[in-house]
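The values are calculated or read from the model by the stated rules, or taken from the named source; none is laboratory data. This one's a predicted model, so the numbers in the text were calculated from it and none came from an experiment. Cβ coordinates were reconstructed from backbone atoms using ideal geometry, including for glycine residues, and neighbour counts include every protein chain displayed. Accessible surface is based on the protein model in full, side chains and every heavy atom, while ligands, DNA and RNA are left aside. Shrake-Rupley method; radii C 1.70, N 1.55, O 1.52, S 1.80 Å.
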Amino acid sequence: MHGSSHAKEDRIASTTQAKGTIYARRHGLGVACGLAAGVWLGAAEAPTKLVNAGFSPYAISLCMVAGVFTARWTFPTLLKGTRYVFADLMEKKHLIVWAVLAGALWAVANTLTVFAIRDVGLTIAFPLWNTNSLIGILWGRLLFNELKGAQPKNVAKVLLGALAIVAAAVMLGFSTIHGGGEAGHRAVSGVLAATGASLLWGTMYVPYRKAYISGMNPLSFVTAFTVGELVTVFCLVLAFDGGFHSPVFHSAQTRPMLFWLFLGGFVWVVGDLFQQFATKYLGIGRGIPLSNTNQLWGLAWGALVFGELATADRPHKLLVIFGSIMMILGALAISSAVATEREQTSTNEALKRECDRYNLSYQAVLARYAGSEFEGQEGGRRWWDYAILLAAVGVFVWLGKNAVIPSLHMNHQWLAVLVLLLIATAAGCGWGLWKATRFS
């Protein structure tokens, strides 16, 4: 009896230790993904400035989502293959509806951001919609036991870190307002649009988190997700922008800019994929604030490449310095808030709840949640996988041939530096994901 009791205790201790190792590895990987997401998401906002050239917000959103749709099918196909993606989706059919719902939320939020930029400018709109991190923390705590049982110092790190990032975003946003500001007579509608985008984007991560604690791969989820976003934004164009007579379908002015909008959507997807892996491995409360450091990188593109701060006075430059420092400190605080065993137990309870609700194998879901899903079952690429990749390349080549370079003054040296940084970040974090989880 004593031997059996000791053996049982050893198994429990071994299981607890294994889970601790899983969560520790997941935390470091999630932090890297969250910071990489910030780098890429910050580079994807520039095309939205085209709304100031007279394009309809619906047209901007539809064109960017078309680029997003292309990327969301291309990257999963490139990294895993369609056989893997559809096997994952078919195993958890109940999550397809959640994925489509998340896509619809994203599409509406993205359209609202374009209205916000038009009405109050990017510098004010960006910080407002980045408060989605606070919405995410609330949903994570209420629905998925995030931060439940966490040490008080970790709760403080996450909350104060998120607040610091939001405050820094406000400082960085206002640092680019000089010479009278950008807000006009539509300021109220612009603020409401940005706030609405924040609420929708903060809520959008609920279906994501639900999928990940059910063992679904982010690459599979976003493949279904993109159907919801494309259908929703297409319906918005039909309902509010002239239907099939909308200028986006007929205007010769739109065609030369399609390449840049597609490219913006493509870059955004790279950042979003890193953001989703961060959400999987860290949770909503930690993952979203880290990815919201994109404000810092968006400012870097604006200031270094487009010279937006060239005429800024001393107070505005001080806002940049203090805002940047505050954002870095906020990111460091969240990065160091490693979940303790009690918090891991709370997360595990949420995972078990999903398994019981949908009759899923707890051991299989736990393994997939740790990054080893479908291990050894990927098969190989099919001919249609290569056809999808070639079609995506063909779309960009065709759009590139008809593209017109916007008449914007750019510092090409800084442009090269930031592009190299993008490539290095994607390569480094991508290698880490592949080595540790094979993008699972």
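Brief remarks on what is shown
- Pairs with Cβ under 6 Å, 6+ apart, first in the stretch 389-400 and among the aromatic types (Phe, Trp, Tyr), second not in a helix (DSSP H, G or I): none
- Odd one out for ARG118, checked against (1) closer than 23 Å to ARG353 by Cα; (2) part of a helix (DSSP H, G or I); (3) not polar (S, T, N, Q): (1)
- Taking (1) open to solvent by less than 50 Å² (accessible area, probe 1.4 Å); (2) among the hydroxyl-bearing types (Ser, Thr, Tyr); (3) modelled with pLDDT under 85 in turn, THR345 satisfies each apart from (1).
- When GLY287, GLY302 are checked against the criterion of being part of a helix (DSSP H, G or I) and either closer than 26 Å to TYR208 by Cβ or of a type in the set (A, V, I, L, M) (or both), GLY287 stands alone in meeting it.
- The requirement of being among the acidic types (Asp, Glu), modelled with pLDDT of 70 or more and in a loop (DSSP other than H, G, I, E, B) is fulfilled somewhere in the stretch 140-150, by at least one residue.
- The stretch 95-112 residues that are farther than 21 Å from ILE213 by Cβ and in a helix (DSSP H, G or I), paired with ones that are open to solvent by 40 Å² or more (accessible area, probe 1.4 Å) and not small (Gly, Ala, Ser) (beta carbon under 6 Å, 6 or more apart): VAL108/LEU200; ALA109/LEU200
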